[in-house]
Amino acid sequence: MAKKQNAKTKKEQPEMAEQAVAPEASAEAGQEQQVPESVNLSDLGTLLQIVDLATQRGAFRGAELSQVGAVFDKLNAFLTYVQEQQAAQNEEAGEAEAASEE
């Protein structure tokens, strides 16, 4: 009988969690919706370092390394691309300032 009560309690827990969240969500909907904190390029660079460090320390299993490496490569390529674009924009802005000063 205790097993049936535990099963029933486990089934009710997700519903209770949803009910507990729902009043807060509806209260916030009535007020100004808060924009979640955004992730910037510095945060992405930090994530890249975290993945690299975790890999060095053996935090991932061998079978997971290809997936981790794929995400690492994507993130690294994205950050490199964005840095190149920013450098090009800064160079163009510097050239525009130099031309306007003349």
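Quick note: the coordinates plus some simple rules give every number you see, no bench work behind them. Everything quoted here is computed from the prediction, not taken from an experiment.
Roughly speaking, what is the stretch gain from ILE50 to ASN76, that is 0.36 nm per residue apart minus the C-alpha to C-alpha distance, in nm to one decimal?
Computed gain between ILE50 and ASN76 is 8.1 nm.
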Seminar exercise, completed: Note, segment 34-44: 3J(HN,Hα) by Karplus (6.51, -1.76, 1.60, θ = phi - 60°), whole Hz, Gly/Pro = x, goes 8, 7, x, 4, 8, 9, 10, 4, 5, 5, 5
